[in-house]
Each structure stands twice: as C-alpha cells, then as structure tokens.
Amino acid sequence: MTKQPSIPISAETPSLAKKLGKEKATITTKKPIEKDYRKGKKSLYIEEKKGTSFDTCATIGNEYVCCNVKVLKSVTNCPFDCSYCFLQNYLTNGTMSAVGDTESLIEEVKQRLEEQPWRFFRIGTWELGDSLALEKDINQASELIMAFKNLPNAVLELKTKSDCVDTILDLDHGNKTVVSWSINPAKIINEQEHKTATLQKRLAAMKKVEDAGYPIGLHFDPMIYYPEWEADYHELIDQIFDTISPKSLAWVSVGSLRFNPEMKQKMALNFPKSYIHSQEMILGPDGKIRYVKPLRLNMYKSFMKKLNSYLDPQTVLYFCMERFDVWEKILGYSPRSIGHLDYIFADKMRIKYPEMVETMGSLEMYEAHQDS
Amino acid sequence: MEFKIVKLKIEDLNSDNSLFSCESLRELTTLNSSPLQTGKLESSKIDILWVYKDVNGYQRIVNPFCLNDNIRSNEENFSCIELLGYSFLDCLKFQLQTYDHELTAVEKIYYISWIFENFVNKEKISKEGLFKELYHILNLQAFNHRPEKLKKLTRLSKTILSYCHSKKFSLKQIQLISQLDEDILNYVLSINKLVPVSASIFIQWVQTINDCLVQYSWSMETFVDYMETEGFNTNKLTTISETKKEFTPPIDTSIFKDELKKLRYKTLYDYNKVIEDKVKDFTSSKDISIKWDERCETPGFSLTITAKSKQDFNDCLKTLNDPVSQKKIYSILESI
C-alpha cells in the first residue's frame, strides 16, 4: 500500500476519540480553522455530523449533462495534492476532517431513500475528499459498505486515487458498493496528482477489489491535454484491461479538465511547474473554463474508439458535465435530459446487478424529479 | 501630540553625521528615482517633513515621500516637524491617519518596503508586528496574514512600477503581474512605449503571452522570434511611431493582437477559418448573414436576412430554398 503521510488525529468528543484508538486521538473541543488548504492536510480532525450531508454532485444547468449522482459529504480535504483540485479554491476551512458518527450519515441516507422509494440512488463520498485515502484511520468506508448492503435501491460509490483497499476486501458488500478510481496516464499521475498512488499501485488495488467481487467504476476525469496524450491514454486503457475484466465495470465516465476562472491563478501559484492551466481553453456558458470544443471532440473521439473496443454493453459509459451535442457527435446519441441519464443508470444496473435496484421508477418519474 | 518646527538643509541628508543620521539614504535615493519622483505625487499630499528621535537618540524621517517633494522643489532649506516624546510607531500611525489622501498601490508598496528596510530591527519591532499596526491604516487587509507577499511586489523593476503607478494599477493587478516573468512585462512595456495601451490591455497581453509560453514550453526569446517571423517586431513599430504623428493603437498593434490570438487559440483559429470560408462560400448575397459562437462552444448559428422590399425578401427566401444553398448551410451547421 502507498505510504500515506503521517497525520495527527484530533477528535471532537470522547466517544469519537475512543473509536479512533486512545493512543493517537487527542480530544479538542473546536474544529481548528486552517485557511491554508495545504497546511490543513497535515492533521485529521474527526467531527460529529452537522447539518445536511446529502447533496447532488454538480450544479445542474441546461447546457451540460450532469449524471445526477448524489453525494454524502463525509470527508473534507484530502491528503493528496492534485494540481487541478478545486478544493484549493473552495475550502474556507482547510482542516482535513471526517465525520466520525457514520451512523448519523446512514440515518440521513435512509431518510432520503424513504422520500423517493421508486428511485435508484448512486451515492458517493468523494465530493470534498477521497473516499478511501484515510480509511486505515477512520474506518468510515467499511461502516458505510456494511450499511449500504441493507439499503434498498441505493449503491455506494467509493472513488479514490489511492490503493487503500485492504481493509475493505473481506467485507460482505452484497454488490451494493462500487469502488471506483479516478485515473490518468502515469505521466499525469506523476506530474499532477501529487502524493497519490502510482498507476501501478492503483491497478494492483483494482485487481484486489475485482477479486473481492466489488463492481468497479472508472473515471477518466479530468482527461488532460498534452503533446503525447493520445498514445498515453490508449496505453492506459490497455493497461487497465490487462489487469481487470471489462465485465467487472459498473460504469465509466469521461470528462475533460475544467475549472472556475479564479482557479487558474491558484493553480499557477500553488503548482508553478504545472502547464495544464494554460492550454487552449475557453470560458463556457456554465462559468467553467474548459478545452475548446474541437480539441475535446478530438480527444474523446480517439479515446472512446479505443475504450469501446473493450467495454461490456451493460456498462454505463457517460460523459461528466459535457454538452448534449458532444454526446451526439462522439457516442451517436445523447440522453434527452439529466433525468433520462439517471434512469439509464438505474436500468442498466438493474440488469447487470439485480441486487442494486429493487424498484424501478419510470423515466417520467426520473425526469420529473431530476432537480431533487 | 507635541512637536517643534526645525529647519533642515538638503546637504544634511547627505552626511552620515547629519542631524538626521539618515542611514537609509541609499534607499531614499532609490525612492528618488521611483515613480514617486515622476511628478504624479504632488507636494500638496504631504507637504512637510516629519522627524522623530529613535531609541538611540538619532532623528529619523517619518514621511519619505515628502523628502522627494522637497528635493524636487530644489529648496535649500525646508521646515520639518519634529515630533517629541513619541515612538516611531506612534509617529507613523499619526502621520498616516492625518494624511488626507489615499496612497496609490505603488506608493503603498514603496512605503511599506521603505519602512521594512529602515525601521525593522532598528526599532526592535518585527515586520509582522509592524505590519499588524499599519495594515488597517493603509487599507491592506488583503495582505493581513502575508506581509511578505506585499514585500515581493517591491522586487518589480522601477520601470514596471512606474507604469503601474501612471496607470493607477490596484494592488491586486500589481500582484497579478508580479507573478509573471519580468521579460514578458518588459516586452509589453516596450510596445507600450511606442503605442500606449490601457492597463486592461496591458494585463491581458502579459497574461496571454505567459499562457503561450507555458502552452508551447517556449522561452521569451522563442516567442519574440516567432512574432518577428509572423511580421511583428518592435522595430517596425518604431518606424510607424516615427512616421505617424498620431497613433491609432487598434491599427498599429493589430498584427500583434492577431498573431497573439492565433498563437494562443490555434485550434479555434483554424476551426473558425474553416467555418468562415464555408460561410463566405454560402453567402454571396450581402442580405444574408450568418453569425456563430466563435468560441465554438455553443452549437448552431443565427442567420439574418436584411430586406428592404418584398423583392429583397423573396430573393433571400429563394436563395435559402435552393438545394445547393441548403447543402452548404447543412455543411456549416455540421461544422459548428
């Protein structure tokens, strides 16, 4: 396993401290405020769940298709240091923290599921951090895996750039957890995804998870443009399918680098050697800077052709925050709405993993409730 | 605050044993050639020099800008206010609080730099401590936790700071350009000398050049060579500036702007060129025009018909209904 940086842990209450192990937990009464997101990565604070943790991943707009995945904000900040990470411009308090009372998170999920029993929920814990990077210390993913096993119509997605999977391998997940990787060619991992697991380590972890029977997710997002991108991304696809079977994949997403305009300066400041923020990009109608569309189309076309030569038809292949016309040009179709894409997920998962989807709502229901 | 008026001679400042024991003359000389000496700071702002006695009993200057004004005015003698029985910090704060104009960003940079250079340690106060006392008065809250960031700005060359001062750059704008290679700034300044550009254009150009250097992994020399190969060099601009009495910047710098845009957005440039050619091929009629999103992000186009008569309108419709025209329109649509 990748050696994670040594992180001192503090906790908010005695019960949370006890849960972490007396020898490493220090009890403090107030979450420290750390304005520097990098300094915040050097300690881990375990806190009680406060307010609402359940949310929708992206801001839903009219121009770009969102997959409508739900998120559970269970960790904040991350020990890794990716040059393109939006957290560097997002967190007002950079103190790395995790919710310690997992049962409160699960209660909130249960309530949400009860409100829409017809709906199939994909729920990820990666909105503000990495789902597995801290697992050895917090045991949060393991508790969630066990809880999701018994939740109807919901699947947990643990998305990571780590290889911290050993503690979840023996769990009885019941096909209700998808372990997924955000993945890029080795050059990008080495140059831009600092402190994350190497490609080889991620692939090795992927194999372990496949052997443990977990459905796997892949997120080629953000795809990054550089002179050798095409050969490197093709090689990456080959490396992945030399390691795992395409049949083990629940879903695969593809998306290109994008960020808020104010991020550009932050990236240049925080990562002076990085070149990725100054490529040929424009400001889109959703307020995000992204590669110009002809460049994106060129990248997607080549990448998808290669990827499609491997993929199982029941695997959901989708773009993350891409235009309807880009879907059409690359995949030959586009979902007619965000609700439609959400429905496609439910339908395909129902067939591939019957345990995941017990009740299937209609397309109309998904579309009518796509904003909730 | 107690004070007394004392008279001071310029020569006093040039001697180490002078009344003012001004160890910081070198820095003050620097200030003399700073933007503050360019005449932008009028003497009405701070019209009298203030001095105080430091912990060693030496008199020191509180408001260096005034010194510049006095030197500029070539007066042999000038009056000073000597503040009595107050600490350096009290004097500084009092002086700043009674100062009736907001200092420009460049002035603040120089001022803070001058204070850091000359009073920290000597006055047994840390930079952070000093800054903490002053940032509210100087309206530098943005640098509250990081005074060193402000200090970094003083590393910019005087030429650049002079330009920033003349264009009234904000601290944020100065901070922005301070992160860029000085060669880029000097290059755009050399253009600005010949064909003056606004602050916003200056910032836009330096940022775009910086992006190009990162995008292509180029050095500044490679960039300048490229621009010269493509028909733009500052020597050419010199010729223009010598032959023309009045400049028209949009025309004079159009080659530069076009080449910069072409370089930065090469894919888009080529893509738009293809669409442009297709549109030209289609709209032989001047009464039909097509506009599209030149960022190539939003698909589709808007087609406008200009008709002054029924005949005009019918002619346009006829053109649009023509199968050959329609084929061309579809081809344009597919491209966008």
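The values are calculated or read from the model by the stated rules, or taken from the named source; none is laboratory data. Everything quoted here is computed from the prediction, not taken from an experiment. All Cβ positions, even for glycine, are placed from backbone atoms using ideal geometry, and neighbour counts span all protein chains on display. For accessibility, only protein heavy atoms count, side chains too; no ligands or nucleic acids. Shrake-Rupley method; radii C 1.70, N 1.55, O 1.52, S 1.80 Å.
Would you mention how many residues in segment A:15-64 are within 14 Å of another protein chain (Cβ to nearest Cβ), farther than 19 Å from A:Asn93 by Cβ and open to solvent by 20 Å² or more (accessible area, probe 1.4 Å)?
Result for segment A:15-64: 3.
Please count how many residues of segment B:212-237 are part of a helix (DSSP H, G or I) and away from every other protein chain (no Cβ under 14 Å).
13
Out of A:Asn68, A:Asn77, I need the residue that is open to solvent by less than 60 Å² (accessible area, probe 1.4 Å) and under 24 Å from A:Lys39 (Cα atoms). Which one?
A:Asn77
If you take just the strands (runs of 3 or more DSSP E) that sit entirely in segment A:270-324, which of them hold at least 2 residues that are within 13 Å of chain B (Cβ to nearest Cβ) and crowded, with 20+ Cβ neighbours inside 10 Å?
Details: elements: A:281-283, A:289-291, A:316-319.
By residue number, A:289-291.
So which of A:Ser97, A:Ser83 ends up being within 14 Å of chain B (Cβ to nearest Cβ), farther than 24 Å from A:Ala250 by Cβ, of a type in the set (Gly, Ala, Ser) and over 14 Å from the mean Cα position of the chain (by Cα)?
It is A:Ser83.
Looking at (1) more than 10 Å from chain A (Cβ to nearest Cβ); (2) open to solvent by less than 30 Å² (accessible area, probe 1.4 Å), find the lone condition where B:Leu303 falls short.
All conditions pass for B:Leu303, except number (2).
Going through segment A:101-121 one residue at a time, which ones are open to solvent by less than 10 Å² (accessible area, probe 1.4 Å) and in contact (Cβ under 8 Å) with a residue 60 or more places away in the chain?
Across segment A:101-121, the qualifying residues are A:Arg119, A:Phe120.
Could you tell me whether A:Met206 is of a type in the set (A, V, I, L, M), in a helix (DSSP H, G or I) and within 12 Å of chain B (Cβ to nearest Cβ)?
No.
Quick one: which of B:Ile209, B:Ile191, B:Ile201, B:Ile160 is under 30 Å from B:Lys266 (Cβ atoms), open to solvent by 10 Å² or more (accessible area, probe 1.4 Å) and in a helix (DSSP H, G or I)?
B:Ile201
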